[in-house]
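I have placed the structure first, in the form of structure tokens, so that the comments after it can refer back to it.
The values are calculated or read from the model by the stated rules, or taken from the named source; none is laboratory data. Quantities reported herein were computed from a predicted structural model and do not represent experimental measurements. With ideal geometry, Cβ positions are generated from the backbone for all residues, glycine too; neighbour counts draw on all protein chains shown.
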Amino acid sequence: MAGRIETAVEEIAAQIIASEPGDSPIGSAEIFDVEYVKERDWYLRVYIDSAAGVDLDLCQAFSRRLEAELDKISLLNDSYILEVSSPGIDRVLKKDRDFEREAGKIVDVTFYSPIDGRKTVVGKLIGLEGDRVLLEDGQAFPRDKVAQVRLHIDF
């Protein structure tokens, strides 16, 4: 059920963006990810990104538009909490397009179980090749062995 809702919300959100002029804050945004999860309550989390950056005004404006569209179609039968936010500077790369967009950046690759004695590797992302995550220096890891790829933050 959650997957179907996430896909539908992503399509609705994309239509909202497409309906706005490209130079407007909403029109220049893109959908990074959608999650529909049960914690204490149901949460519908929509992560948006923009080359101009994501601020509170953009999140509020997008939230109002999305909420209005969701209310029209009654997609969600349960009560839920809608959250619209940026994916953050240490965003998790999930979709193929995330790997394309973030190619050339330093990432943390975490494995389900150690590979060559390491549970995490830090390196420059080249991208995806078939079912492998490619890093600089010829490092390649099977995607089914990778628990998470996240943008690296130096402190």
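In segment 117-138 there is at least one residue matching the filter, namely being exposed (fewer than 15 other Cβ atoms within 10 Å of the Cβ) and touching a helix residue (DSSP H, G or I) at 6+ places or on another chain (Cβ under 6 Å). I'd like to know if segment 83-106 contains one or more residues that are touching a His at 6+ places or on another chain (Cβ under 6 Å) and not aromatic (F, W, Y). So far as segment 83-106 goes, yes, one or more of its residues are touching a His at 6+ places or on another chain (Cβ under 6 Å) and not aromatic (F, W, Y). For segment 130-153, a residue qualifies if it is within 20 Å of the chain's Cα centre (by Cα) and in a strand (DSSP E or B), and the qualifying residues are R132, V133, L134, V146, A147, Q148, V149, R150, L151. When you look at Y36, is it on the phi < 0 side of the Ramachandran plot and buried (at least 16 other Cβ atoms within 10 Å of the Cβ), yes or no? So Y36 passes the test.
Of all the listed residues (Y112, Y80), the sole one being more than 26 Å from V54 (Cα to Cα), among the aromatic types (F, W, Y) and in contact with a strand residue (DSSP E or B) (Cβ under 6 Å, 6 or more places away or on another chain) is Y112. Of the strands (runs of 3 or more DSSP E) that lie entirely inside segment 9-121, those containing 3 or more residues that are in the same structural domain as L134 (by TED's automatic domain parsing) and β-branched (V, I, T) span 106-115. Of the candidates S63, S50, the single residue that is buried (at least 16 other Cβ atoms within 10 Å of the Cβ), touching a strand residue (DSSP E or B) at 6+ places or on another chain (Cβ under 7 Å), modelled with pLDDT under 95 and on the phi < 0 side of the Ramachandran plot is S50.
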